[in-house]
Amino acid sequence: MLRRTSTTEKTSPKERDSQTISHEEHHVVQEQELIEPNWWWKYRQIIREAAAEFTGVMILIIFGTGVVCQVVLSSITAVAPSQKGSYISISFGWAVGTALGVWVSAGISGGHINPAVTLALATWRGFPWKKVPVYIFAQVMGGLVGAALVYANYIHAIDLFEGGRHIRTLNTASLFSTYALGYMTNVSCFFSEFLATAVLLIVVLATTDSHNSPPPPGLLPLVLFILILGMGTSLGMETGYAVNPARDLGPRLLTSMVGYGSQVYTFRSQYWLWCPVIATILGGQAGTLFYDIFLFNGPESRINHPDAAARRKLAVANEAV
């Protein structure tokens with residue numbers, strides 16, 4: 001009975017070594033072809049992180065403001081025969097936008113898609129400060145472009161809702177940015193956004209903490225979907241739960257450029273600045289500080305860094321050894 005001889009058995013050790021080397025060379029060539037396929041490659045590496053943040057926020061705004069436009073504008077029969085959705089639809093839309101925005105950008109830029117997150121990580125977790133201006137600019141511009149695309153998509157419905165192309169009021173400006181309910185005091189508005197953003201950062205940090213049962217790789221967007229859905233259904237009514245300066249400022253810039261004018265900034269004594277921007281940034285700082293003081297054991301946090309005296313003692317001890 002004949003036994004089939006394997007290729008390995010037929011080749012000598014020298015031949016096998018040469019085959020291995022040629023295989024390795026082949027892989028090196030393939031990697032070089034993958035790494036430098038064309039002239040655009042090196043330029044893309046320079047802007048890739050910023051582009052990921054831009055794209056993530058743009059997707060967030062397309063889904064988020066898109067669902068608000070669909071639900072609100074369809075409430076009049078001139079736009080649609082029946083209303084398409086409800087408040088729960090809006091909560092789902094923002095949750096989907098957040099999950100997909102992070103999914104697109106997480107592997108490239110970390111998936112911040114929020115200046116409050118970027119600033120919190122730079123302050124407490126060692127994220128490079130030199131990247132902060134680039135990230136924030138990209139995030140705000142992503143919000144502006146995302147809102148512009150939604151505005152272009154719904155412009156005829158907005159005309160019908162407002163009563164004409166030349167009419168632009170806060171009734172439809174609120175489709176794109178956050179405006180508090182009339183009974184809310186300024187302090188209550190600030191607290192609402194501060195609280196929601198603090199909760200956002202606590203959950204985000206817990207989800208990415210390797211010492212705290214993080215979800216399997218790739219499931220972070222799902223956790224954020226649940227988080228934003230829950231936030232919308234429990235904390236969203238009073239101020240619209242901006243929890244993200246870029247989510248509010250980018251679309252607000254767009255509305256001021258397409259006919260809404262200065263009213264989007266003068267509403268409630270510069271509400272746009274102290275509530276969806278300052279309150280969310282401070283809330284993010286507070287949430288991160290809380291998590292790092294009481295829960296986080298990782299060395300990345302400035303709270304867990306050894307102080308200067310301890311570092312000197314350790315250096316002296318190492319030199320003595």
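Every read-out reported here was derived from the displayed coordinates using simple, explicitly stated rules and does not represent laboratory data. Keep in mind that what you see is a predicted model, and the values were worked out from it rather than measured. All Cβ positions, even for glycine, are placed from backbone atoms using ideal geometry, and neighbour counts span all protein chains on display.
With only the Cα atoms considered, segment 47-300 has a convex hull volume of 119 Å³ per residue.
Sort Ser269, Ser109 by Cβ crowding within 10 Å, fewest neighbours at the top.
Exposure proxy ranking, most exposed first: Ser269, Ser109.
Given a Förster distance of 25 angstrom, what is the FRET efficiency for Ile108 paired with Phe137, based on the Cβ-Cβ distance and rounded to 0.05?
After rounding to 0.05, the efficiency reads 0.90.
The ranking of Thr197, Thr207 from fewest to most other beta carbons within 10 Å of each one's beta carbon is Thr207, Thr197. For segment 113-123, 3J(HN,Hα) computed residue by residue from phi via the Karplus equation (6.51, -1.76, 1.60; θ = phi - 60°) reads 6, 6, x, 5, 5, 4, 5, 5, 5, 5, 6 Hz, glycine and proline entered as x.
Scaled to the globular estimate 2.2 N^0.38 Å, the Cα spread of segment 103-238, given as radius of gyration, is 1.26. For the pair Ser75 and Ile293, label points projected 7 Å from Cα toward Cβ lie 4.1 nm apart. In loop segments of segment 150-247 as defined by DSSP, the chymotrypsin sites (Phe, Trp or Tyr not before Pro) with at most 13 further C-beta atoms inside 10 Å of their C-beta are Tyr183. Between Val187 and Ser86, full extension at 0.36 nm per residue minus the direct alpha carbon distance yields a gain of 33.5 nm. Rounded to two decimals, the Cα radius of gyration of segment 84-142 over 2.2 N^0.38 Å is 1.33.
What is the local net charge at Pro276, summed over the other residues whose Cβ is closer than 15 Å to its Cβ (Lys, Arg +1; Asp, Glu -1)? List each step's numbers first, then the result.
On the way: positive: Arg247, Arg252, Arg268; negative: Glu193, Glu238, Asp248.
Spelling it out: positives minus negatives among the neighbours equals 0.
So which trypsin sites (Lys or Arg not before Pro) in segment 92-191 pass both tests, a DSSP loop state and at most 16 other Cβ atoms within 10 Å of the Cβ? Mind dumping the intermediate values first?
Working: sites: Arg125, Lys130, Lys131, Arg165, Arg168; in loops: Arg125, Arg165, Arg168.
Those satisfying the criteria are Arg165.
Each Lys or Arg adds one and each Asp or Glu subtracts one; over the other residues with Cβ under 15 Å from the Cβ of Phe190, this totals -2.
Annotation: segment 39-150 has a Kirkwood hydrodynamic radius of 15.0 angstrom, from the mean reciprocal C-alpha pair distance. Could you list the residues of segment 109-137 with an amide nitrogen less than 15 Å from a label point located 7 Å from the Cα of His305 in the Cα-to-C-beta direction? The answer is 120-130.
Return the Rg/Rh value of segment 218-263, two decimal places, where both radii are evaluated on C-alpha atoms and Rh is the Kirkwood radius. Value, to two decimals: 1.14.
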